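Comments concern the structure below.
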Amino acid sequence: MKRIIIAIDGFSSCGKSTMAKALARNIGYLYFDSGAMYRATALYCMQNGLIAEGAIDTESLRTRIKEINITFGVDPDTKNSITFLNGRNVEHEIRSLEVSRLVSQVAALDFVREEMVNRQREMGKAKGIVMDGRDIGTTVFPNAEMKIFVTASAEVRALRRYDELTARGDKADYNEILENVLQRDHLDQTREVSPLKRADDALLLDNSNLTREEQMEWLIEQFKKLTGQC
Ligand code: CDP
């Protein structure tokens, strides 16, 4: 059976990860969260004194980038994917608002992107993967057989992130989150290296008014059309 690469890109907090994970599970593919790699790199900077007055010490980060080991695993109880930073489970920490505030700055650095993109390509070598992010269909896997570009209104996205944070017991402020969503949209779209943009051959999915079930139905339909299988 032909195995393909599925690239899911889009704005922050669109529910890309949830969607990508569920799709991978449904079709028996591996799921990779490229955003978690940038988040883990931002956390590494925070925990290793590489931030001074809100700015990243880029030269130190450049010399230490190879020391940042990021791996993925699966929680045996919840079956959710877990991100490890140098062997430590950081899945919870990398989703904090502090990391969200820093991550787009880290992700805009050319040498960080080069390193992460190389690692991501390595993960896709065997095909049969779903990867989500900002530049998967444009830069990481421009030849991906299936590309989806997801969008939803900023307000809907901020509410989803708010629900996610409060559901896990974290304190959250809707307006602060909305501001962060808008700021990251701006940074992601205007950065010089691999800005967030829809690949010409990506299918557009606006999920503002779609339930998870409707969305999955649509994704499976696209997958079947492209591969003639399921
Ligand atoms: O979960 P959410 O969609 O809000 O973000 P994420 O996928 O965890 O990614 C966090 C941040 O990493 C984004 O805002 C981007 O700045 C950056 N990122 C990127 O530049 N390229 C990627 N392939 C994935 C994420």
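With the condition kept exactly as written, say whether any residue in region 141-148 is under 21 Å from MET116 (Cβ atoms) and in a strand (DSSP E or B). Working first, answer last.
Here is the first cut: in region 141-148, the ones under 21 Å from MET116 (Cβ atoms) are 141-144, 147-148.
After this cut, where a residue has to be in a strand (DSSP E or B) as well, the list is 147-148.
Within region 141-148 (the criterion being under 21 Å from MET116 (Cβ atoms) and in a strand (DSSP E or B)), the answer is yes, since at least one residue qualifies.
Restricting to region 165-184, what's the tally of residues that are under 16 Å from GLY133 (Cα atoms) and surrounded by fewer than 18 Cβ atoms within 10 Å (Cβ to Cβ)? Break it down into steps so the answer makes sense when it comes.
So the first thing to find is which residues in region 165-184 are under 16 Å from GLY133 (Cα atoms), and the list is 181, 184.
This time we only want the ones that are surrounded by fewer than 18 Cβ atoms within 10 Å (Cβ to Cβ), so: none.
Total satisfying the criteria: 0.
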For this session: Could you please find all residues in region 167-220 being hydroxyl-bearing (Ser, Thr, Tyr) and in contact (Cβ under 8 Å) with a residue 40 or more places away in the chain?
Result: SER194, SER208
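Please specify each residue of region 181-221 satisfying the condition of being among the acidic types (Asp, Glu), closer than 25 Å to ARG95 by Cβ and out of contact with any Pro (no Cβ under 9 Å at 6 or more places or on another chain). Please lay out each step first, then the result.
Within region 181-221, the first condition is being among the acidic types (Asp, Glu), and the residues that meet it are 185, 188, 192, 200-201, 206, 213-214, 217, 221.
Checking which are closer than 25 Å to ARG95 by Cβ leaves us with 185, 188, 206, 213.
Residues satisfying the conditions are ASP185, ASP206, GLU213.
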For this session: Go through region 75-91 and give me each residue that's modelled with pLDDT under 95 and either near the ligand (Cβ under 10 Å from one of its atoms) or open to solvent by 60 Å² or more (accessible area, probe 1.4 Å) (or both).
Result: PRO76, ASP77, THR78, LYS79, ASN80
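Whether any residue in region 41-58 is out of contact with any Gly (no Cβ under 7 Å at 6 or more places or on another chain), within 12 Å of the ligand (Cβ to nearest atom) and touching a residue at least 60 places away in the same chain (Cβ under 8 Å) is what I want to check. Spell out how you get there, then give the answer.
The initial filter retains those residues of region 41-58 that are out of contact with any Gly (no Cβ under 7 Å at 6 or more places or on another chain), namely 41-58.
Adding the requirement that they be within 12 Å of the ligand (Cβ to nearest atom) leaves 41-43.
Filter again for touching a residue at least 60 places away in the same chain (Cβ under 8 Å), leaving 41-42.
Looking for residues that are out of contact with any Gly (no Cβ under 7 Å at 6 or more places or on another chain), within 12 Å of the ligand (Cβ to nearest atom) and touching a residue at least 60 places away in the same chain (Cβ under 8 Å), one finds at least one in region 41-58, hence yes.
How many residues are open to solvent by 10 Å² or more (accessible area, probe 1.4 Å) and within 12 Å of the ligand (Cβ to nearest atom) when one looks only at region 93-102? Talk me through it step by step, then tell me what you get.
Our first condition is that a residue be open to solvent by 10 Å² or more (accessible area, probe 1.4 Å); within region 93-102, this holds for 93, 95-98, 101-102.
In the following step, the residues that additionally are within 12 Å of the ligand (Cβ to nearest atom) were identified as 95-97, 101-102.
The total comes to 5.
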For this session: Determine if region 19-39 includes at least one residue that is surrounded by 14 or more Cβ atoms within 10 Å (Cβ to Cβ) and more than 30 Å from TRP218 (Cα to Cα).
Result: no
For this session: Go through region 40-53 and count every residue that is aliphatic (A, V, I, L, M) and open to solvent by 10 Å² or more (accessible area, probe 1.4 Å).
Result: 3
For this session: Can you tell me which residue within region 92-111, out of those that are in a loop (DSSP other than H, G, I, E, B) and within 14 Å of THR58 (Cα to Cα), is modelled with the highest pLDDT?
Result: LEU109
Problem set entry | Among residues of region 39-84, those that are more than 18 Å from ALA107 (Cβ to Cβ), polar (S, T, N, Q) and more than 23 Å from the chain's Cα centre (by Cα), counted | 1
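Given the condition assigned to a strand (DSSP E or B) and within 26 Å of LEU23 (Cα to Cα), answer yes or no: does some residue in region 151-162 qualify? Let's see the steps before the verdict.
The first filter runs over region 151-162 and keeps only residues assigned to a strand (DSSP E or B), leaving 151.
Keeping just the survivors that are within 26 Å of LEU23 (Cα to Cα) gives 151.
Yes.
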Exercise. With SER34, SER13 as the choices, which residue is within 12 Å of the ligand (Cβ to nearest atom), under 30 Å from THR166 (Cβ atoms) and modelled with pLDDT of 95 or more?
Worked result: SER34
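Is it the case that GLU213 is part of a helix (DSSP H, G or I) and more than 29 Å from LEU102 (Cα to Cα)? First the steps, then the outcome.
Working: part of a helix (DSSP H, G or I): yes; more than 29 Å from LEU102 (Cα to Cα): yes.
So GLU213 passes the test.
The values are calculated or read from the model by the stated rules, or taken from the named source; none is laboratory data. Bear in mind that the values here come from a model prediction, so they are computed numbers and not experimental data. Note that each Cβ is placed from the backbone with ideal geometry, even for glycine, and that neighbours are counted across all protein chains shown. SASA here: full protein model, heavy atoms, side chains in, ligands and nucleic acids out. Shrake-Rupley method; radii C 1.70, N 1.55, O 1.52, S 1.80 Å.
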